[in-house]
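Structure, as structure tokens:
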Amino acid sequence: QMQLAESGGGQVTTGDSLRLACKVSGRSRNTLQMGWFRQAPGTEREYVSCISWVRGDTFYAKSIKGRFTISRDMAANTMYLQMDNLVPEDTAVYYCAAGAPGMDDYISLVEYWGNGILVTVTS
């Protein structure tokens, strides 16, 4: 059973940066892609970014492209999301996710979720 644990959230002000981490344990060989989703109050969970675990190819949602950077450390079994130039609209619970390629388009392809971590950006 794969487990994902997020860390690094918190409260910042507009223009600040945060780096989220997702520690992976019990990694499944079938899990080829990992990523980040977020959910603001009263909204549906939305895709943020994903990375192919082996190749390192990265993908981003248009809303955050150029401000967020996803990466992974295979030796440490950890994925990161560097978030720069944060704005209040980035306020949400951020979830680490693991699943099959294509989960950026189809959330149903996510097989594992972390518990989520809150990021709050004040103006």
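The values are calculated or read from the model by the stated rules, or taken from the named source; none is laboratory data. Source: prediction; values computed, not measured. Every residue, glycine as well, gets a Cβ built from its backbone with ideal geometry; the counts of neighbours run over all protein chains shown. Surface areas here come from the heavy atoms of the whole protein model, side chains and all, with no ligands, DNA or RNA. Shrake-Rupley method; radii C 1.70, N 1.55, O 1.52, S 1.80 Å.
Of note:
- Filter result for Val48 (in a strand (DSSP E or B), open to solvent by less than 10 Å² (accessible area, probe 1.4 Å) and farther than 24 Å from Leu32 by Cβ): no
- Pick from the stretch 62-73, criterion surrounded by fewer than 13 Cβ atoms within 10 Å (Cβ to Cβ) and not basic (Lys, Arg), ranking: farthest from Ser52 (Cα to Cα): Gly66
- Answer from Thr69, Thr13 - the residue that is among the polar types (S, T, N, Q), within 19 Å of Ile117 (Cα to Cα) and touching a residue at least 24 places away in the same chain (Cβ under 8 Å): Thr13
- Residue satisfying all of: in the stretch 28-45; among the aliphatic types (A, V, I, L, M) and in a loop (DSSP other than H, G, I, E, B); modelled with the lowest pLDDT among these: Leu32
- Test result for Glu111, charged (D, E, K, R) and assigned to a helix (DSSP H, G or I): no
- Of all residues in the stretch 74-92, those satisfying the criterion of being open to solvent by 40 Å² or more (accessible area, probe 1.4 Å), within 14 Å of Gly8 (Cβ to Cβ) and not aromatic (Phe, Trp, Tyr) are Gln82, Asp84.
- When Gly56, Gly42, Gly35 are checked against the criterion of being open to solvent by less than 50 Å² (accessible area, probe 1.4 Å) and more than 13 Å from the chain's Cα centre (by Cα), a single residue qualifies: Gly56.
- Among residues of the stretch 1-27 being at pLDDT below 95 and open to solvent by less than 30 Å² (accessible area, probe 1.4 Å), the one that is farthest from the chain's Cα centre (by Cα) is Met2.
- Within the stretch 72-108, the set of residues being of a type in the set (Ser, Thr, Tyr) and either closer than 16 Å to Glu6 by Cβ or touching a residue at least 12 places away in the same chain (Cβ under 8 Å) (or both) comprises Thr78, Tyr80, Thr91, Tyr94, Tyr95.
- Whether a residue is open to solvent by 40 Å² or more (accessible area, probe 1.4 Å) and within 24 Å of Thr122 (Cβ to Cβ) was assessed, and Pro101 does not pass this test.
- In the stretch 63-92, the residue that is modelled with the lowest pLDDT out of those that are hydroxyl-bearing (Ser, Thr, Tyr) and farther than 22 Å from Thr122 by Cβ is Thr78.
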